Amino acid sequence: MERRTTLHLGYTALVDILLATLGIFVVVFALQTMKSDNPLVPAIADGLVICTATDDTPEALLLATREGSEIELRVPIDTRFSDVMRDTWPDGGRIWVAMSKDCAFGDAIEQLRAVESDLRILGEASAPYILTLAPLALDDIDDLIFRWRSDR
Amino acid sequence: MSLRTDAEAGFVDIAANALSVLILVTIIVLIVSIVPSPRGEVRADNRPALPFPVEIDPSVQPFNSYWYVTEAGLTPIPLRQIAQSVFNGEKVIETVFGKFFFQNSRRTYRDVAEFRLGFVPDSKRIAEAAISISGEDEIERAVDQFSMEFEESYIVPTFFVEKSGFDIFARIHSAMRNADLPLRWVVRRPGVTLTIMRDANQFETRAATWR
């Protein structure tokens, strides 16, 4: 009698595992059917910096989003600018840096390249920054800000 | 009788364990085989209004076309013609677009894949030879050409931008970014000599960037 009981328990475990295996496959195939294949599109810009220069003094307008609300900041572009960037985007992100003609042909572009290297210093792998420098015609500033806000 | 029972019990145990291993392996394979989306791209239904550029792998770098941007439009820099002049033995090449000369020091190894070529542009004559880019149709045609060159030959345009051509270039840049085309650009200040360079690093290494 005991042996029959032992044998019976063994088959129960086998059937149990067999059904579990079948169940896993059913779930997997069902999930694959339900998953829709979205196409890949470029990511949005996490922040916007607009560099303009008045009387050879470069100034930046920073636009960021924090806790659902928009932050707007006007700062000069100087040696402290990379600290301002870190404070505005503490978690890093993709930053679109638009430069006007006076900015691109003045000293600001060198400052911005220095800021870009500074933000890439290792040790902050948890907050990576990636900047893209783009030319900007002065007439297009409002359009650029509108496009950035459309993605929020 | 007991041996047979033990054998059957053992077989059942082995089969049960084998199936449990199969379940575990299936779960692990499913997790590991999830295709990660490339950096800079996300799975979404709609393209954003301001798409962040998806940068290409820098290893395609060496194959570029060079363009000069003035208020008159785009002028291609004829590197093939310059290469032919160098092949014919010239070290300083005078063209209608300006002067080209080698900047390598005497001890630097120099060949088709390693050189530094200085370029002093003649802005006035470059503007005279420019392809006019004033309307949206012309910009679209230019972008179509760059797109074809990139798709067929991985050629990435590099733009030298003069102050007078900055506004035109801003529109070209915007159109190329909207078409997800890679490009490089650099401003050219008056009196500055431009340098076109090639070195082994560009062919052999990849820049470590977070992209």
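To keep it simple, each residue is scored yes or no on (1) in a helix (DSSP H, G or I); (2) modelled with pLDDT under 90; (3) aromatic (F, W, Y); (4) over 16 Å from A:P135 (Cα atoms).
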residue	(1), (2), (3), (4)
A:P58	no, yes, no, no
A:L61	no, no, no, no
A:A64	no, no, no, yes
A:E72	no, no, no, yes
A:V84	yes, no, no, yes
A:I95	no, no, no, no
A:I109	yes, yes, no, no
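Listed by first and then second residue, the pairs with beta-carbon distance under 6 Å, at least 6 apart or on different chains, first residue in region B:84-100 and in contact (Cβ under 8 Å) with a residue 24 or more places away in the chain, second among the acidic types (D, E) and in a helix (DSSP H, G or I), form an empty list.
Screening the candidates A:I24, A:I50 for the property of being part of a strand (DSSP E or B) and out of contact with any Asp or Glu (no Cβ under 7 Å at 6 or more places or on another chain) yields one hit, A:I50.
Yes/no per residue for (1) modelled with pLDDT of 80 or more; (2) within 13 Å of another protein chain (Cβ to nearest Cβ):
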{"residue": "B:S33", "(1), (2)": "no, yes"}
{"residue": "B:R47", "(1), (2)": "yes, yes"}
{"residue": "B:Q61", "(1), (2)": "no, no"}
{"residue": "B:P78", "(1), (2)": "yes, no"}
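Counting only residues that are within 27 Å of B:P190 (Cβ to Cβ) and touching a strand residue (DSSP E or B) at 6+ places or on another chain (Cβ under 9 Å), region A:60-105 holds 14 of them. The one condition from (1) in a helix (DSSP H, G or I); (2) free of Cβ contacts under 8 Å to residues at least 12 places away in the same chain that A:L144 does not meet is (2). Filter region A:15-56 for residues that are more than 10 Å from every other protein chain (Cβ to nearest Cβ) and of a type in the set (D, E) and give the result. Scanning region A:15-56 gives A:D55, A:D56.
Could you tell me whether any residue of region B:93-107 is in a strand (DSSP E or B) and modelled with pLDDT under 85? Checked region B:93-107: at least one residue is in a strand (DSSP E or B) and modelled with pLDDT under 85. For region B:119-150, a tally of residues being more than 14 Å from B:S65 (Cβ to Cβ) and in a helix (DSSP H, G or I) returns 13. No other residue among A:R86, A:R66, A:R113, A:R120 is over 20 Å from A:L136 (Cβ atoms), within 13 Å of chain B (Cβ to nearest Cβ) and surrounded by fewer than 19 Cβ atoms within 10 Å (Cβ to Cβ) apart from A:R120. Within region A:110-117, does at least one residue satisfy the condition of being in contact with a Leu (Cβ under 9 Å, 6 or more places away or on another chain) and touching a residue at least 60 places away in the same chain (Cβ under 8 Å)? So far as region A:110-117 goes, yes, one or more of its residues are in contact with a Leu (Cβ under 9 Å, 6 or more places away or on another chain) and touching a residue at least 60 places away in the same chain (Cβ under 8 Å).
Looking across region B:157-198, the residues that are assigned to a strand (DSSP E or B), buried (at least 19 other Cβ atoms within 10 Å of the Cβ) and more than 9 Å from every other protein chain (Cβ to nearest Cβ) come down to B:P157, B:F159, B:F160. Scan region B:14-31 for residues that are within 7 Å of chain A (Cβ to nearest Cβ) and more than 50 Å from the chain's Cα centre (by Cα) and the total you get is 2.
The values are calculated or read from the model by the stated rules, or taken from the named source; none is laboratory data. Since this is a predicted model, take the numbers as computed values, not measurements. We place every Cβ from the backbone using ideal geometry, glycine too, and count neighbours over all the protein chains shown.
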